[in-house]
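One structure below.
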Amino acid sequence: MTVYTTIDSPLGELLLVGEASATAKGGTALSSLSMPDQKGGAVVQDDWSRDDEAFDVIAAQLRSYFAGSLTHFDIEYATGAGTDFQRKVWEAVDTVPYGTTTTYGRLAEQLGLSRAAVRALGTAIGRNPLLVVRPCHRVIGADGSLTGYAAGLERKRHLLDLETA
């Protein structure tokens, strides 16, 4: 059964969506974290159940992150989202350390992709269903510019500023 909740954050109200999991801390594996006006963000469905308590552990980690006291999330992600290529890209994004950035080109190189595949890599990053906790905000343009964040560049800047404060 799919459950959801919303929590307030410095980026606006976050929509958390998950599935019950016997192995996840708190019992819920996160399948989506979306922000208001996010391109491709999740929308509450009729067959979902609101369950605020199911997200207590995840919400506590997010609050600690936004307070500047958490640098690594310990959240189980629900399986099944994305294509094989997208999951490969998302796994690489997960390796970008807190407080640092990488470029689309470096990430493509890390994955053994050609320069021509950088656009596909960017598209895969843009389909990341787990904003904030899967740190696609840490991927920037080759010239250091902020590019491509589904929830808006002002939120990307906010997250990068938070991590380098």
Count of residues meeting criterion [at pLDDT 95 or above, in contact with a helix residue (DSSP H, G or I) (Cβ under 8 Å, 6 or more places away or on another chain) and under 17 Å from Ser34 (Cα atoms)] in region 66-92
5
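Only one residue in Ala59, Ala124 is over 28 Å from Gly26 (Cα atoms), assigned to a helix (DSSP H, G or I) and either modelled with pLDDT of 95 or more or touching an Asp or Glu at 6+ places or on another chain (Cβ under 6 Å) (or both). Which one?
Ala124
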Out of all the residues in region 149-159, which are over 19 Å from Pro97 (Cβ atoms), in a loop (DSSP other than H, G, I, E, B) and of a type outside the set (A, V, I, L, M, F, W, C)?
Gly152
(1) part of a loop (DSSP other than H, G, I, E, B); (2) closer than 16 Å to Ala29 by Cα; (3) open to solvent by 50 Å² or more (accessible area, probe 1.4 Å): which one isn't true of Ile75, the others all being true?
(3)
Test Val96 against the criterion of being in contact with a helix residue (DSSP H, G or I) (Cβ under 6 Å, 6 or more places away or on another chain), open to solvent by 40 Å² or more (accessible area, probe 1.4 Å) and among the β-branched types (Val, Ile, Thr), and give yes or no.
no
From the option list Leu146, Leu162, single residue qualifying as open to solvent by less than 70 Å² (accessible area, probe 1.4 Å), of a type in the set (A, V, I, L, M, F, W, C) and part of a loop (DSSP other than H, G, I, E, B) is Leu146
Exactly one condition in (1) open to solvent by 30 Å² or more (accessible area, probe 1.4 Å); (2) aliphatic (A, V, I, L, M); (3) closer than 22 Å to Gly41 by Cβ is false for Leu70; which is it?
(3)
Taking only pairs six or more apart or across chains, which ones have beta-carbon atoms under 7 Å, a first residue in region 85-104 that is more than 18 Å from Lys156 (Cα to Cα), and a second residue that is open to solvent by less than 30 Å² (accessible area, probe 1.4 Å)?
Phe85/Ala124; Gln86/Ala124; Val89/Leu121; Val89/Ala124; Val89/Ile125; Ala92/Leu107
Restricting attention to region 1-9, does a residue exist that is modelled with pLDDT under 95 and open to solvent by 10 Å² or more (accessible area, probe 1.4 Å)?
yes
Per the filter on region 16-56, residues open to solvent by less than 20 Å² (accessible area, probe 1.4 Å), hydrophobic (A, V, I, L, M, F, W, C) and in a strand (DSSP E or B) are Leu16, Val17, Ala29, Leu30, Leu33
In region 140-150, is there at least one residue being within 27 Å of Ala78 (Cα to Cα), of a type outside the set (S, T, N, Q) and without any contact (Cβ under 8 Å) to a residue 12 or more places away in the chain?
no
Touching a Gly at 6+ places or on another chain (Cβ under 9 Å), touching a residue at least 40 places away in the same chain (Cβ under 8 Å) and within 21 Å of Lys156 (Cα to Cα), is that true of Ala78?
no
Every residue in region 50-81 that is in contact with a Lys or Arg (Cβ under 7 Å, 6 or more places away or on another chain) and within 13 Å of Val3 (Cα to Cα), please.
none
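The values are calculated or read from the model by the stated rules, or taken from the named source; none is laboratory data. From a predicted model like this one, the values you see are computed outputs, not experimental measurements. Using ideal geometry, Cβ is built from the backbone for each residue, glycine included, and neighbour counts are taken over all protein chains shown. What goes into the accessible areas is simple: the full protein's heavy atoms, side chains included, and nothing from ligands, DNA or RNA. Shrake-Rupley method; radii C 1.70, N 1.55, O 1.52, S 1.80 Å.
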